[in-house]
Amino acid sequence: MEADQIAELRTMYVFGPAEGETWGLFFDVLERKLRERDPDEFIRVEESGDGPLDGGATMHFGITLDDEDLEGMAKLDSEGVALTDCTAPLAAEFALWLRENIIPDGAVLTFNTEWGLEEDLPDALVPDATQEQLVSLFVAHIEETGGLD
């Protein structure tokens, strides 16, 4: 499979701080930044939930990237933000938005995918890079999961 085809595969992308670190993420901050993008954005908080970001309250939200409506979730306990059913280019755009709007200056951003989690791949650093460079990083990660055969 070619890199441009791999980039269009859809999976869940999970973003978080480095292990043992925090962004100081709060739902009200995430909600405010999402509503700055779109005042009518879908946002719902559940006090307890399960799924890829288990334990504690979960914020479910919608976000439009590149004219496509996506769904995401955020957790404070096991801090992180995830986009479901997402392509590498959309994940790269979201990572850049997180870095610009949510993550404190100097804080580390890591990522994994649903496929990477299934294969027990460790979270990887998201470098300060262009969207195109991040797409290449995410494609390499998907290739590493080994599920393309």
>> For the chain, take the longest principal axis of its alpha carbons; what is the angle in degrees between that and the long axis of helix 88-101, to the nearest 10 within 0 to 90?
In response: 40 degrees
> Taking Cα atoms, how many degrees apart are the long axis of helix 27-37 and the longest axis of the chain, rounded to 10 and kept between 0 and 90?
Replying inline: 70 degrees
>> Please check: in the Gaussian network model of the chain (C-alpha springs, under 10 Å), which one of Glu31, Glu71, Glu118 has the largest mean-square fluctuation.
In response: Glu118
> So what's the Cα pair-distance distribution over the chain, bin width 10 Å, in %?
Replying inline: 11, 44, 37, 8, 0
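When ligands, DNA and RNA are left out and all protein chains stay put, how many square angstrom of accessible area per residue does the chain have with a 1.4 Å probe? Don't jump to the answer; show the numbers that get you there.
Working: 7890 Å² over 149 residues.
Per-residue value: 53 Å².
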>> I'd like the carbon and sulfur percentage of the solvent accessible area for the chain, probe radius 1.4 Å, heavy atoms only, ligands and nucleic acids excluded.
In response: 45 percent
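The values are calculated or read from the model by the stated rules, or taken from the named source; none is laboratory data. Just so it is clear, the structure is predicted and the values come from calculations on it, not from any experiment. We work out accessible area using only protein heavy atoms, side chains counted, and drop any ligands, DNA or RNA first. Shrake-Rupley method; radii C 1.70, N 1.55, O 1.52, S 1.80 Å.
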